[in-house]
Amino acid sequence: MYLTDRSAPAGADTERGRRRGPGARVAPVVLVLGAVSLITDISSEMVTAVLPLYLVTTLGFSPLGFGTLDGVYNGVSALVQLTGGHLADRVRGHKLLAGLGYGLSALCKPLLLIAGSLGTLGTVLALERTGKGLRTAPRDAMISLATPAQNQGRAFGVHRAMDTTGAMLGPLTAFLILRAAADGYDAVFGVSACVAALGVVVLVLFVPGGRRSEQRAVQGKPPVHVREALALLRLPRLRALAGCAALLGLTTVSDAFVYLLLQRRAGVGEQWFTLLPLGTAAVFLLLAMPVGALADRAGRRTVFLAGHVGLLIAYALLLWAPDTLLLAPGVLALHGTFYAATDGVLPAALAGLVPEHLRASGLAIVGTGQALARFCCSLAFGAAWTAWGDGPALAGSAVGLLCCAAVASVVLRPTGRTR
């Protein structure tokens, strides 16, 4: 899973990075994309932080209804990721597709102000996540193509650290707005829309490279066809990685459910609920860069699986740990460690498996499988919570995660030069 990228370089950023050698740790495009993600995540996490309580307490949704919307919010982007990744490779327009995705998400934020029913909210959230699906693979492809193979984990770690800074500021901003504004939820949605628009402006003005420059970088190569992109699944190691990511996603309880469970177990007041994602984000921020660098050295497979072991321990704490002052910090620390060990490490692991002209498509294939699996998990977990209660639902997820991690550890065993 930890491979050397032997494909020919594509793009000026990649060429410059290789000429400068290992000392050039992070390309400028990674930092600028990190700034875009930071701003956009402030907007997104403001909504994510208030959405569980808004739906359950204000609108009175059942756990099953909330699970359905949460699955839409986190999983519908999977239906678009393949399209976004393939189009970015086909038209040589990674920045163009990423910009369209960020723009669509920004346009959907104000619509939350007028959405009050399950159907309307589901439609708005689906459109917002469509934007995320369009932008994710092209953005990660730009990061990957601008970075030498030996520093992929570090580059994605830097980007995820900047992204997570936004994830920290988002809940904090929502918390302050809810305390200061009379119509708190409407104010959160309105400010979120303005911040999202700012992220689009930064992308358009400051992210280098456009459609013409990307076309010049691959001049003479025929357009990428769908059949060529889908043929990536014939690569055994990519197929194994995609399958294991999807398998583990089937038992990865969504963040919103983790925070709702923690609120109940630790007795966190509703006024402090929006700060729970801040704990996860803080740990993610602290560990994203060092864990990414560790994955470059020790093996991305090992770090990826270790992250899921940390998540399993967090489930165990929620199930059986006594209600003490250390419960919430412990669960949030493990939750943040899980993301630091998986979120950037997974795309970094693909760098040596996918040719550069198909990089966005390869990232989209793996991301799609994982997102669809998590969508199914949200639906199943919400239904199990409604039918049997939160404890049995989480226990079932924990047992499933243990089994899936055992299977993944066998499938992803290092062979030859992989680690």
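Where is the GNM fluctuation largest for the chain (alpha-carbon springs, 10 angstrom cutoff): Ala406, Ala351, Ala341?
Between Ala406, Ala351, Ala341, it is Ala406 that shows the largest mean-square fluctuation.
Can you tell me the relative contact order of the chain? Whole percent, Cα pairs under 8 Å, sequence separation 6 or more.
In percent, rounded to a whole number, it is 31.
May I ask you to derive the FRET efficiency for Glu270 and Leu79 from their Cβ-Cβ distance with R0 = 45 Å, giving the value to the nearest 0.05?
Rounded to the nearest 0.05, the efficiency is 0.85.
With helices defined as uninterrupted DSSP H runs, which ones in the chain have an alpha carbon span along their own long axis of at least 27 Å and mean Kyte-Doolittle hydropathy of at least 0.5? Numbers along the way, then the final one.
Numbers: long enough: 28-53 (39 Å, 1.70); 118-145 (40 Å, 0.27); 152-180 (42 Å, 0.46); 184-206 (33 Å, 2.14); 276-298 (32 Å, 1.48); 300-320 (30 Å, 1.33); 359-388 (43 Å, 0.87); 390-411 (31 Å, 1.64).
Correct list, ordered by number: 28-53, 184-206, 276-298, 300-320, 359-388, 390-411.
Evaluate the distance, in nm, between pseudo-label points positioned 7 Å from the Cα of Thr120 and of Cys376 along their respective Cα→Cβ axes.
Computed distance between label sites Thr120 and Cys376 equals 3.4 nm.
Given labels modelled 7 Å from the Cα in the Cβ direction, how far is it in nm from Ala181 to Leu205?
2.4
Once the piece of chain linking Val399 and Cys194 is laid out straight, how much longer is it, given 0.36 nm per residue of separation minus the C-alpha distance between them?
Here the segment from Val399 to Cys194 would lengthen by 69.6 nm.
Roughly how many debye, to the nearest 20, is the charge dipole of the stretch 25-411 about its Cα centre, given +1 on each Lys and Arg Cβ, -1 on each Asp and Glu Cβ, and no other charges?
Taking the Cα centre of the stretch 25-411 as origin, the dipole is about 1400 debye.
Karplus couplings for the stretch 343-351 from phi (6.51 cos²θ - 1.76 cosθ + 1.60, θ = phi - 60°), rounded to Hz, Gly and Pro as x?
In residue order, the calculated couplings are 4, x, 5, 4, x, 4, 5, 7, 4 Hz.
Could you please state, rounded to a whole Å, how far the C-alpha centre of the stretch 226-287 is from the C-alpha centre of the stretch 109-164?
13
At 0.36 nm per residue, minus the direct Cα-Cα distance, what do Ala298 and Val91 gain on full extension? Give it in nm, one decimal, please.
Net length gain for the segment: 70.9 nm.
Applying 1/(1 + (r/R0)^6) with R0 = 35 Å to the Cβ-Cβ distance of Leu326 and Arg227, what FRET efficiency is obtained, to the nearest 0.05?
The pair Leu326/Arg227 has a calculated efficiency of 0.05.
Per 0.36 nm of contour for each residue apart, how much would the distance between Leu127 and Val309 grow if the chain were fully extended, relative to their Cα-Cα spacing?
Length difference between fully extended and current span is 62.2 nm.
Just so you know, all these numbers are worked out from the coordinates, no wet-lab data involved. Only a predicted model underlies this, so the values are computations on that prediction, with no experimental measurement involved. Counting neighbours? That spans all protein chains shown, and the Cβs are built from the backbone with ideal geometry, glycine included.
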